[in-house]
Every structure is written in C-alpha cells, then in structure tokens.
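For reference, the structure discussed in these notes is given below.
The values are calculated or read from the model by the stated rules, or taken from the named source; none is laboratory data. This is a predicted model, so every value here is computed, not measured. Note that each Cβ is placed from the backbone with ideal geometry, even for glycine, and that neighbours are counted across all protein chains shown. The accessibility values were calculated without ligands, DNA or RNA, using every heavy atom of the protein model including side chains. Shrake-Rupley method; radii C 1.70, N 1.55, O 1.52, S 1.80 Å.
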Amino acid sequence: MPAPAHDRRPDPDALLASFQREEKRARRGSLKIFFGMCPGVGKTYAMLRAAQQEQKDGTDFLVGIVETHGRAETETLLAGLPVLPRKQIDYRGIQVTEMDLDALLARQPRPRLVLVDEFAHTNAEGSRHPKRYQDVVELLDAGIDIFTTLNVQHVESRADAVRQITGATVHETVPDSVFELADQIELIDLTPEALRERLAEGKVYLADRARAAADGFFKDTHLTALRELALRFVAERVEKRLRELRATSPLKTVWRSGERLLVAIGPSPSSLQLVRWTRRMAAAQGASWIAVSVESSRALLPEDRRRREQNLALASELGAEIVITHDENIAAALVRVALQNNATQIVVGQSRNPRWLDFVRGGNLVDRLLRISGPIDIYVVPAERLAEKPGLRIDWQAAFHAPAREYCDVLTTVGVLTVVSWFIVPYTGYLSVGLLYLLAVIVLSLRVGRWPVLAAGVLSALTWNFLFIPPLFTFVISKFEDGMMFATYFIVALVSGQLTGRFRAQARHERLREARATALFHLTQALSAARTLDDAVFAALRQADDIFGAKTALLIADNDTLTAHFAGSFTVTEKERAVAEWAWRHRKKAGRFTDTLPSSEGFHLPLVRDDTAHGVLVISVPPDTPLTLAQRELAESFATQLALVLEREQLRAVGEREKLLAESDKLHRALLDGVSHELKTPLAVLGAAAETFATADAPTRENPAGEIRTATRRLTRLVTNPLDQTRLESGVLKPHLDWSDAHDLVNAALDGVREALVSHPLETAVPADMPLFRADAALMEQVIANLLLNAALHTPSGTPIFLAAGVDTARARVFFTVADRGPGLPAAMRERLFQKFQRGDAARAGGLGLGLSIIRGFVVAQGGEVVAGENPGGGAVFTIYLPFTAHSNVPTE
C-alpha cells in the first residue's frame, strides 16, 4: 500500500534550502573539481583533455595556471592552449611566478572558463590572496567557470585521516565549505599497482625522488587506503546530493544506490538498545544512519521527555544524523522521513503493548509500517525484559493542566443545551436531544483541546441518559435499541472529538514547521543584508530573542580566548563563561538541557564549521520555561548560520590582512630601493672628494667643494622628504601665512636647485607688477624648488623648463606653473603620482616617490590646490593655485 499523498510532498525546509542554493549558483560561475587520491593519478591530464574538448566546442577559455612538473604528456596537452602570462613576484630575493589574478579579471571580454591547477596551493607573499582557492572564489563570484584539481589529502576534514595513514602532515588544505561550492566532481581513479608503475617509469617524480616516494608516501598499503578514502568521500558527496534532489521532488520510493539505516527513537528505555543495534549494523554495512524522533500532540510526561532526549543524545554521540519531525501517525512519519533521506532500512522495536490495545489502535507500529513501507526493509528488534510493565499510560497531568476556560466552555455549553432540551423534548423526543448533544460535542472539538472534548462527550452522554432516556433520573436503559443508541452516541462523540483534536494537532505542527522555515529564511535574509559582522550578529541575536523568548549572547573566538559581543542581551557571568569555554574547546553542546554542566543558566551551542569552533551561542530562557526538542534543533540551525558568518568574516579578514601585508611589503621594498639608490651617489661623491683632499699629489678635481655641496643637498633632501611627509600626516605642520612677493620666492627656489638645472634651459615669466599675496614663504619656496627639481630629474638633458607666475583676478587666485617639453604624463597617471611612494612608469631608478605628495600637502595646507596636466606643446605641466586677496582690501589693525 503506498504512502498517503500528503506524505509524498517535498519537504518545505529542503525546498527553501534548494531555492537558496540555486539563487547562489545563478549569481556565480560553476566549479568543476578533478579529484584524486594523490599526486600522479592524472588529474591535470584529465583537466587539459576536458579543456581541449571545450576548445572544440567553441568555449572561450583561458589557462590561468597549470603545473606540468616536467611531465611530457601534460606539456603536450598544454601546447596550443591559450595561457595567461604569469605574474612575477620577488620573494626574499627569489623570483617566483603565480597566477595573475588582476590581469585575468581586467581582460575584456572575460573568458567563460579558466583552468586553475592545484586548488590547495599557497600563494607567494605579495599575492592578492594567501591561498589559491581564494583566487578561485573571487573568479567564481565574477561569473567565471573554473576547472581545478585537488587531492583527497588537501580536504580539511580528511587531513588528519591522511596523516594517520601515511604519517605525513598536510599543511595546504581547502576548507570543506569551499569544496561544497563545487557543482561537479570528476573522480580520477587509478589502481595502486598502475600508479606505482607510473612512478617507477618516472612519470610522477624524477628517479631519485621516485624511489624515495615509493618507499614512503606511495606504499601499496598507503595508496589502497587513500583510494578508499577518496572513493568514500566522493560517495558521501553524491549521496548528499541525491538526498537534496529527492527532498525537493515528490517522493514515491527509495533508490538503492547504497544502504542507509533509519532507527525510530522514542521515550522507551528499549530505544537505547535500538540505537546500539543500529550503530553496529551501520558499521558492519559501511552505511550511514539516521535517528528519527516523531513528536505528536500527545504531551509526554517529564520522565519520558528526559529519557527521549538521552536516547537522542546517545545516537548523536554514536554518529547518527538526528531528525525531529511532527506527525500524529508515527508509521507515516517514519516512512516519509525514510523517503526524504533515501533510507533503505527502518529499525523499530518490538511492540510491548497488550494485543487488545494494539487492536484498538489499528495495529502496532510494525504492522502499520509493513502496510505502507513499500520497498523499504523493516527490521524488528526484540525488546529486553524491563521492570516497567507495558500498557496504556494516561498523562493525567496533561488533562489537569488543560486551560480552565476550556472546561468552563464545556460545562456552559452542556448546561445551556440541557436547559433548552428540557423544554423541547416533549415535541422532538429524546433521540433528537441526543443528536443535539452530539452536534455540541463536534462543535466544541473545534474550540477546545482533546481532554475537554473527551469530558464533553462523557458529560453529555451521562446527562442524556440520566435526564432524557427512560426511565428518567436513572442510569438504567430499559430498551435494547436505546442501549444501542447510547453506545453508538458515546463512541461517535469520543471518536469525533479524538479525530478533531488530531486534525488540530496536525495543523499546529504545520504551523510550527512553517514558523521554523520562516525564522530560518528571515535569519538568512538578515545575515545576507548585513554589511558588517556587528550588523549580522545584532540581527541574529535579536531574532533569537524573539523566537525563543530568551536572552542571548554570542562569544567569538579570538586566538585562544572567547570575547563576548556587545549585541548580546544576556550577561555572561564567570560561571557561564567557563561553560562556554568547555563547549568551545570540546565542540559540544553544554549547559542547561544537556548532560554537561546542566545546572548552568544558559544553553551553550558551539559554532562549528569544518571541525573548527568559531565561537559559542548562549541562549537563556526563564527557569520555568523549557526549550522543546524542536526549539533546540532550531537553535542549532541558528548556530550553524552564525558559524558560516564568522567563518566568512575570518576568511575576509585574512584576505585583507594578506593584502595589507603585501602592500606594506611593496612599499617597504620601494622605500628601501629608493633610499639605497639615493644614498649611493652622494656617498660616492663625498668619498671621491675626501680622497682628493687626502691625496696631496693626486690631480685635483675641478670643483670638489661644489660636488660636496651638491651631494650634501641631495642627502638633505633624502632626509627632509620623509620628515615632511610625517609632519603632514601627523597634523604637526601649521602654515604661517604672510604677505609674500612672487619674485623673492622664485629667486630663492632657483638658488636652491640651480646646480640641478645646469643642463636644462630655464625660462621664467613673472610679471614685474605682480601684487603681494598671502602664503607661507618657506613652504612655497620648497614647493617651487621641488617642482623644478622634479622637471629636471625626469626629462632628458637639454629639455627646456618654463616657470611662470601670475594672478587670476576673475577667480581671485594666484598661480605658479612649471612646464617642460619632456615625455609628458599619461592621463591615468596624473592623480596617482600625488600619492605616497608613487613614481612614473618610465622614471629613472632612485627617488622615494614622495616629492609630489609633499608638494600637494604643502599647498593644501595653505588652502590651495595642485593640478597636473599635459603641456600643449608636449611634456608635463604642474600648476599651483593659491587664494588671492588684494593687499589694499585687507583691513589694517
């Protein structure tokens, strides 16, 4: 018998997750990983063969980076494919090459597909990202498809297993979360014998290294274990993908692509035996397994609730995947979950109820499973003898804790109906009164709970019998047909109330599932919209406060300590911090509702991703308010989402830090190179001049004093420029504005750089009647001198230089212009040259790249601006503008 139609509907949570995955895939490129057990199996070879096929299909692709390792077969395949030139990086005096990510992203149009070999590779210092997989993620985000290669030992979650197998520690790994981005995985499989044969032929490593590898990492036992590890890893990935596809489609049967066990767990003590039995079966079959708990509308006794949680905790510790679902029909729920997760075997315990009770309930759980399970195997495990006697257990506490208002509604309804019936019974007969009572019970079932409905059925039946069925005012029924009518009424009333209560419970469970899916959707939406980590944490904690009716806190891992985030509404005491640290270090739940430190106030959930705990989420509910199993499952989903956010933030921070280090290293090298070159020439001049003075009989130089003066000035500039830059950045520099004369400023500047301008014709044009203007004379002298010196240094000998000054009365400003007839400035470079440590692309060696930055700083400090442009006659032109106020317009003191 097939499962009911409603049991075949797709899981809404799975549909939501599927929509989110598809949305992400639509925004980025696709990732295909050529996966192998170790080096030498032919991953790069297979990737290049696939690229050749893409080339035949007309795909616009590019080889970003491929390592051939000297293998002739690989180099032959690479020949003829479009290859991106590699980026040269100077790493500690050694030239290394890496993929040029910037050049790749700058290509127009961008390639549709890029080949990136060695997914787990560590980039050289100075690259944009420390890891190559981060380069790949950026390319995917840019909408570019990627082919890449990876060995199983480089997967983060498998690195420890590889170290235990081979004894080799793997330092370059790819997080599992990044591996999950793969849209396709192609397993490149090779037998250990074939791989060792390739190794002996020198197709993997050269001769000496090949012999050492054959006796070490490439032992036959190691290769066999690594092959099994790779096969299992890919099989797990395929199985997970299969479950995702099945969860979003109507479910009719299981696909026996592999064994998967499902065990039903309840509050019974025998569930512990079922958990252990299923774990042994799963281990023997090499299969995964699921532990399922079905929550119904029937409230559990506190002892039963505690026992069920212990059973689920044991299953989780033994490696089961925990699934909690809501349904009144336990058999249908188990089959539904089995179909959703492609479980081929269901394990249940033998019924310990009396046969009459199973008969009343429509058969025991095993019978109902056999009727609807279809191709799913059912295993029945006999229960051990227990001191507790089976039978019908009634939770009288739940009955007494039903709202008093509902019992009042029952009494009022039955009382009013009894009064009305007393007056109409002479006209309608007592049978009609019974129908009115039955109708009242059915209507009440729409408004009140199960126990009040049962009370209404019993009360109305007894009232009808006592007041209306002859003989009156007794519970005696004299006629057989009246007895049949009474029994039928009693049964119909009870069954109607029970069924209506069940429908209400199912509706309530659907609302709970909808609320859970909605909560996760809103959380995901809020985390995606958050611009910063603080915004994301604040949004997540506020949602947790509202959903759980609790106070929450988030402790984020910072090196070897936990730091409480300011957005938390729960104050973390020393005791709670100790519990959080235990949960963080052991990567297990702790605190309230657990078996570890249960006396604490908060429920502590570690934020774990790829076997790394990034922090702890603390949820504190009022002492008299327990967290249900479904709420705890939702809290774990919240913790998982927060762990993803923290992991993403850490990866971003690492990337930013590496980028800053690379930029700092670049500036450091530029400064060091510039200082070294600038020191070399004046020191050589000083040394030669000193040698001239020391050697009395040596021929004297033409002008040793002038050379010493020139070298000294050059050294002075070398020291002064960094000091001036520091004064500008620290805000210490304060201009002293006073009336200045343009002729005096130009003459003073020329005196300082006249020797540097010897080989350059200089023309000046300063109006004789140019009025005075307010400026800092010392700063302006240095600005003009630096501009003249800059023109002399960066133009060929003999290039004319022009210096002009004037007043633009229309715009109320003074201007100084320095122009040359040299190579000029490209438009893209004009603004960049005013930044620190920036030099022209064709600039000669030496110099710190600070001159123009200091010029702009000096001019801006005086309220002016500097503009770089192209000289109409060829060359570069720099113009300084300062505010101008006529001397006669300034009031005297």
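Here are the numbers for the structure shown:
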quantity: Those residues of the stretch 572-589 which are aliphatic (A, V, I, L, M) and buried (at least 18 other Cβ atoms within 10 Å of the Cβ), in sequence order; calculated: VAL572, VAL579, ALA580, ALA583
quantity: Pair list, Cβ < 7 Å and 6+ apart or interchain, from the stretch 472-497 residues that are assigned by TED's automatic domain parsing to the domain that holds ARG447 to residues that are of a type in the set (Ser, Thr, Tyr); calculated: ALA493/SER460; SER496/SER445; GLY497/SER445
quantity: Search result, residues across the stretch 503-535 that are open to solvent by 80 Å² or more (accessible area, probe 1.4 Å) and not in a helix (DSSP H, G or I); calculated: ARG531
quantity: In the stretch 460-481, residue farthest from ILE424 (Cα to Cα) [restricted to those that are outside any loop (DSSP other than H, G, I, E, B) and open to solvent by 60 Å² or more (accessible area, probe 1.4 Å)]; calculated: PHE480
quantity: Test for GLY266: is it within 14 Å of LEU629 (Cβ to Cβ), touching a residue at least 12 places away in the same chain (Cβ under 8 Å), surrounded by 19 or more Cβ atoms within 10 Å (Cβ to Cβ) and over 34 Å from the mean Cα position of the chain (by Cα); calculated: yes
quantity: Unique match (being under 18 Å from HIS121 (Cα atoms) and hydroxyl-bearing (Ser, Thr, Tyr)) among THR74, THR68; calculated: THR68
quantity: Test: residue in the stretch 547-558 that is touching a Ser or Thr at 6+ places or on another chain (Cβ under 6 Å), open to solvent by 10 Å² or more (accessible area, probe 1.4 Å) and not β-branched (Val, Ile, Thr); calculated: yes
quantity: Candidates ARG856, ARG839, filtered to the one that is in the same structural domain as LEU789 (by TED's automatic domain parsing), open to solvent by 20 Å² or more (accessible area, probe 1.4 Å) and modelled with pLDDT of 80 or more; calculated: ARG856
quantity: Extreme residue, modelled with the lowest pLDDT, among residues of the stretch 17-47 that are among the aliphatic types (A, V, I, L, M) and either touching a Cys at 6+ places or on another chain (Cβ under 6 Å) or crowded, with 16+ Cβ neighbours inside 10 Å (or both); calculated: ALA17
quantity: Per-region count, the stretch 417-453, residues of a type in the set (Phe, Trp, Tyr) and surrounded by 20 or more Cβ atoms within 10 Å (Cβ to Cβ); calculated: 2
quantity: Residue, farthest from GLU510 (Cα to Cα), within the stretch 269-315, restricted to residues that are in contact (Cβ under 8 Å) with a residue 60 or more places away in the chain and among the aliphatic types (A, V, I, L, M); calculated: MET281
quantity: Of the criteria (1) farther than 28 Å from GLU156 by Cα; (2) of a type in the set (Phe, Trp, Tyr); (3) in contact with a helix residue (DSSP H, G or I) (Cβ under 7 Å, 6 or more places away or on another chain), which one PHE638 fails; calculated: (1)
quantity: Residue tally, condition touching a Leu at 6+ places or on another chain (Cβ under 6 Å) and either basic (Lys, Arg) or open to solvent by less than 10 Å² (accessible area, probe 1.4 Å) (or both), over the stretch 312-338; calculated: 2
quantity: Among (1) open to solvent by 30 Å² or more (accessible area, probe 1.4 Å); (2) touching a helix residue (DSSP H, G or I) at 6+ places or on another chain (Cβ under 9 Å); (3) over 22 Å from SER637 (Cβ atoms) - the single one GLU244 does not satisfy; calculated: (3)
quantity: Enumeration of residues in the stretch 61-75 that are surrounded by fewer than 18 Cβ atoms within 10 Å (Cβ to Cβ) and in contact with a helix residue (DSSP H, G or I) (Cβ under 9 Å, 6 or more places away or on another chain); calculated: GLU67, THR68, HIS69, GLU73
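Okay, residues lined up against (1) in contact with a strand residue (DSSP E or B) (Cβ under 8 Å, 6 or more places away or on another chain); (2) farther than 25 Å from PRO39 by Cα:
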{"site": "THR68", "(1), (2)": "no, no"}
{"site": "TYR91", "(1), (2)": "no, yes"}
{"site": "GLY126", "(1), (2)": "yes, yes"}
{"site": "ALA159", "(1), (2)": "no, no"}
